[in-house]
Amino acid sequence: LATRAKEARRAQFSEELWSKYGARLSGVLKMTPAALSELRKSAPETVLVSWNGGSLDLATFAGGLDLDSLAQLPASNAQRQLDDLLRRTVNDALVRREVVARKMAERPDIAAEVRTERENLMERSLYADYVLKGVSVSDAEVRAWYDGHPEQFRTPERRKMAHLVTATREEGEALRARIE
C-alpha cells in the first residue's frame, strides 16, 4: 500500500509540475518506435515536449534508445514504454527547475549531502580513471590464488538447534518419541 500511495503521489506531483511549468506535447509526431527512428534520422532537432524555459528534442530523448528492440514489442507495450520514458525524462527536468525554485540547494543539510556525494563521485572517478585503470587479473591468476588459499573458502560446520518446551514431562516424552 505504501508503494501504491507513493506512486500515486509521484503521479500527482508530476501533473502539478507539468501544469506549473506549462509542459505540453508537441503533437507533431506519432510516438512509435518506427516513427521515432525515421524522425531521428531526418529531423533529430524535432521538439517533443516544451515547457516554460525549456524543451526536450528528439535527439536528446531518443539518442541512446534502442528503437529496434522496442519495435519488436507488441505495439501497446512499446507505446507504454515510450510514454513512460518521455514522462520520466520531462519530469527529471521539471523537478530540477522546482529544486531551484524552492532554493533547496541552499539548505545546509542538502548542501552537505551534495558535497559528500560530489567528493565520493570524484574519488570513484579517480580510482576508475587512474588508480585502477588497466588493472586486470587473468582466470589463471584467480585459480592460482584460490588454490593457494583454501582456508579462506572453508566454513566451519554449523548446526541448527531447537528447544521444545512442553507443559508436562509426558508430553515431552511423547513428542520425542514422534521425532525419533
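For the pair segment 14-54 / segment 82-102, the C-alpha centres are spaced 13 Å from each other. Adding -39500 (n - 2.57) for every DSSP H run of four residues or longer, then dividing by how many residues the chain holds, sets the calculated 222 nm ellipticity at -18500 deg cm²/dmol. Between the listed residues Leu73, Thr32, Val47, the Cα displaced farthest toward the positive end of the dipole of segment 9-114, a dipole computed from Cβ unit charges relative to the Cα centre, is found at Val47. A 1.4 Å probe run over the protein chains yields, for the chain, 80 Å² of accessible area per residue, whole-number rounding. Around the Cα centre of segment 119-180, unit charges on the Cβ atoms of Lys, Arg, Asp and Glu (plus for the first two, minus for the last two) sum to a dipole of about 260 debye. What you get for segment 46-130, charging only the Cβ of Lys and Arg (+1) and of Asp and Glu (-1), is a dipole of about 340 debye around the Cα centre. Can you tell me the FRET efficiency between Ala43 and Thr89 if r is taken as the Cβ-Cβ distance and R0 is 30 Å, rounded to the nearest 0.05? Working from the Cβ atoms, E equals 0.95. Averaging the sequence gap over all C-alpha pairs within less than 8 Å and six or more residues apart, then dividing by the number of residues, gives segment 1-103 a relative contact order of 27 percent. Normalising the average separation of contacting C-alpha pairs (under 8 angstrom, six or more residues apart) by the number of residues puts the relative contact order of the chain at 15 percent. The charge dipole of the chain, taken about the Cα centre with unit charges on the Cβ atoms of Lys, Arg (+1) and Asp, Glu (-1), comes to about 620 debye, rounded to the nearest 20. Most tightly packed first, judged by the mean number of other beta-carbon atoms within 10 Å of their residues, the peptides 43-50, 12-19, 55-62, 159-166 read 55-62, 43-50, 12-19, 159-166. Helix 33-42 and the longest principal axis of the Cα set of the chain meet at an angle near 50°.
Simple rule: put +1 on each Lys or Arg Cβ and -1 on each Asp or Glu Cβ in the chain, find the dipole, and look at Val90, Ala144, Thr155; the Cα lying farthest toward the positive end is Val90. Counting only residues at least eight positions apart within a chain, or on another chain, the lysines with an alpha carbon under 29 Å from that of Lys41 are Lys30. Computed over protein heavy atoms with a 1.4 Å probe, the carbon and sulfur contribution to the accessible area of segment 1-148 reaches 55%. Per-residue packing, averaged as other Cβ atoms within 10 Å, sorts the ranges 134-143, 106-115 into the order 106-115, 134-143, beginning with the highest.
The values are calculated or read from the model by the stated rules, or taken from the named source; none is laboratory data. These numbers come from a predicted model, not from an experiment. Backbone-built Cβ (ideal geometry, glycine too); neighbour counts: all protein chains shown. Remember, those area values only see protein heavy atoms, side chains included, never the ligands or the DNA or RNA. Shrake-Rupley method; radii C 1.70, N 1.55, O 1.52, S 1.80 Å.
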